[in-house]
Amino acid sequence: MTQIVLITGASGLLGSQVQSVFDIDGWKAIGTGLTRASPPEIVKLDILDATAIERVLDEVKPQVVIHCAANRFPDSCSANPSAAQALNVDSSAALASATISRGILLVYISTDYVFSGRKGEAPYHPASPTDPPNVYGQTKLDGEKAVLSVAESKTAKNKVVVLRVPVLYGSANDPKDSAVNVLMSQLWESQKIQPDQPKIKVDDWALRYPTNTSDVGRVCRDLATLYLDPANEERELPSVLQFSSEDRMTKWGIVNVFAEIMGLPLDGMEPFVPEEKPGDGVKRPYDCHLDTGALKDLGINVGTVNFQFWWRKEVGAFR
């Protein structure tokens, strides 16, 4: 019998690729979206509406839900904390309650921003002390706690798993959907800057580990297969896991890779080190490198596509 997966936020950067990976692997992959729904592949769902969540679950009848829908933009979360709380925490708790009551596996996508990212602390393990640096990280951590708390209260074994991931890149409808993709757009914009105009400043301080969305989709699929396997029903499987590439670079380093791939000069851009107290009030971590050992212990492939190779293929730049 064909297995069914429901992916929330399937019209977004990560959700679209997660849906594609499951679909290619033979699953019936149904996504949800709000403003960008396109039935039957992506059904309309207001994730803030608990009744609507239950209706979609009963209509689709999935074995697993991959919860990608979230406000994952730190600036937006800090500007409207209550909205971030509603989407990242409250709706996640409602989704967990609905999935668990129906015996559905829930994979909650979280972030490396649940950790402080202070110098000298990384790499972080799943059980490392959390200390989010901003509202975004705090609401995602609260979302983790909410879904795990629902599972514990209902004594639901192996029915909720948290998967933390770092900054993502991949195929996107809008480069602004990714903090990595948008740097390619900025590189092109910088070509228009005249010598007497201000240059585009690019962070050369925080260490990032850009991870491809298709690789995250593959890990989600492998986790679903593992956690749904009847042979593992009595095992105590981890409730918190982490996935990340090992490509370490600052945003300025990423821009340099893009410039080399595209054969473009960096005259209109310059590196900078952010102030200790940022002007926008949104504190960002220095290094939140995630340890992937727990996934390896489960036999999950943690390999990732080469960053430079993927981008060369994406833009058709082979030399």
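Before I look further, what does segment 164-304 give for accessible area per residue, probe 1.4 Å, in whole square angstrom? Mind showing how you got there, number by number?
Working: 6830 Å² over 141 residues.
Per-residue accessible area for segment 164-304 comes out at 48 Å².
For segment 202-253, what is the Kirkwood hydrodynamic radius in Å, using each pair of distinct C-alpha atoms? Walk me through the numbers on the way to the answer.
Numbers: mean 1/r = 0.0744 Å⁻¹.
Taking the inverse mean of 1/r over all distinct Cα pairs, segment 202-253 comes out at 13.4 Å.
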Most fluctuating residue of Ala79, Ala172, Ala224 in a GNM of the chain with Cα springs under 10 Å: which is it?
Ala79
Let's test the formula: R0 of 30 Å, r as the Cβ-Cβ distance of Thr130 and Arg36. What FRET efficiency results, to the nearest 0.05?
0.40
Between the modelled labels at Arg102 and Trp205 (7 Å from Cα along Cα→Cβ) the distance in nm is 4.5 nm
Which residues' amide hydrogens lie under 5 Å from the amide hydrogen of Phe115, considering only partners 5 or more residues apart or on another chain, with H built in the peptide plane?
Asp131
Using helices alone, what [θ] at 222 nm do you get for the chain, with -39,500 (n - 2.57) per DSSP H run of 4 or more residues, divided over all residues and rounded to the nearest 500?
-11000 deg cm²/dmol
Candidates Ser82, Ser20, Ser178, ranked by Gaussian network fluctuation over the chain, Cα under 10 Å, top entry:
Ser82
Can you send over the carbon and sulfur percentage of the accessible area for the chain, probe radius 1.4 Å, protein chains only?
50 percent
Compute, for segment 110-154, the length of the dipole vector about the Cα centre, with Cβ point charges of +1 (Lys, Arg) and -1 (Asp, Glu) only. Units Debye, rounded to 20.
20 debye
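Give me Rg/Rg_expected for segment 24-134, where Rg uses Cα atoms only and Rg_expected = 2.2 N^0.38 Å with N residues.
Details: Rg = 16.1 Å, N = 111, 2.2 N^0.38 = 13.2 Å.
Against the compact-globule rule of thumb, the ratio is 1.23.
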Assuming 0.692 mPa s and 37 °C, estimate D for segment 190-319 with Stokes-Einstein, Rh taken as the Kirkwood radius over Cα pairs, in µm²/s.
184 µm²/s
Rg/Rh ratio calculated on Cα atoms of segment 104-250 (Kirkwood radius)
1.06
Report the residues of segment 180-211 in range of a label on Phe272: point 7 Å along Cα→C-beta, backbone N strictly under 11 Å from it.
198-204
Going by average Cβ neighbours within 10 Å, how do the peptides 227-234, 291-298, 104-111, 1-8 rank, with the highest at the top?
104-111, 1-8, 291-298, 227-234
Over the chain, the quotient of the Cα radius of gyration and 2.2 N^0.38 Å is 1.00
Along segment 131-144, what does the Karplus equation 6.51 cos²θ - 1.76 cosθ + 1.60 (θ = phi - 60°) give for ³J(HN,Hα), rounded to whole Hz, x for Gly and Pro?
6, x, x, 8, 4, 4, x, 5, 5, 5, 5, 5, x, 4
For a quick check: with amide H placed at 1.01 Å from N, whose amide H comes under 5 Å from Gly31's, ignoring anything fewer than 5 positions away on the same chain?
Ile7, Ile42, Val43
Work out the length of the dipole vector of segment 124-203 about its Cα centre, built from +1 on the beta-carbon of each Lys and Arg and -1 on the beta-carbon of each Asp and Glu, and round it to the nearest 20 debye.
280 debye
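So which trypsin sites (Lys or Arg not before Pro) in segment 146-194 are both in a DSSP loop and have at most 10 other Cβ atoms within 10 Å of their Cβ? Provide the component values of the computation, followed by the final result.
Values: sites: Lys154, Lys157, Lys159, Arg164, Lys176, Lys192; in loops: Lys154, Lys157, Lys159, Lys192.
When the trypsin sites (Lys or Arg not before Pro) of segment 146-194 are filtered for loop state and at most 10 Cβ neighbours within 10 Å, Lys192 remain.
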Place +1 on the Cβ of every Lys and Arg and -1 on the Cβ of every Asp and Glu in the chain, take the dipole about the Cα centre, and give the residue among Asn71, Leu295, Ile47 whose Cα lies farthest towards its positive end.
Ile47
Quick one: what are the phi-derived ³J(HN,Hα) couplings along segment 93-106, Karplus 6.51/-1.76/1.60 with θ = phi - 60°, whole Hz, x for glycine and proline?
5, 5, 5, 4, 4, 6, 5, 5, 5, 9, x, 9, 6, 10
Mind checking Rg over Rh on segment 98-150, alpha carbons, Kirkwood formula for Rh?
1.06
Under a 1.4 Å probe, what is the accessible area of segment 1-97 per residue, stated in Å²?
44 Å²
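Compactness ratio of segment 223-291: Cα Rg over 2.2 N^0.38 Å, N = residue count?
Numbers: Rg = 20.3 Å, N = 69, 2.2 N^0.38 = 11.0 Å.
Against the empirical 2.2 N^0.38 Å value, I get 1.85 for segment 223-291.
The values are calculated or read from the model by the stated rules, or taken from the named source; none is laboratory data. Bear in mind the structure is a predicted one, so any value in this text is a computation, not a measurement. Positions of Cβ are backbone-derived with ideal geometry, glycine not excepted, and every protein chain shown enters the neighbour counts. Heads up: the accessible areas ignore ligands, DNA and RNA and are worked out on the full protein's heavy atoms, side chains in. Shrake-Rupley method; radii C 1.70, N 1.55, O 1.52, S 1.80 Å.
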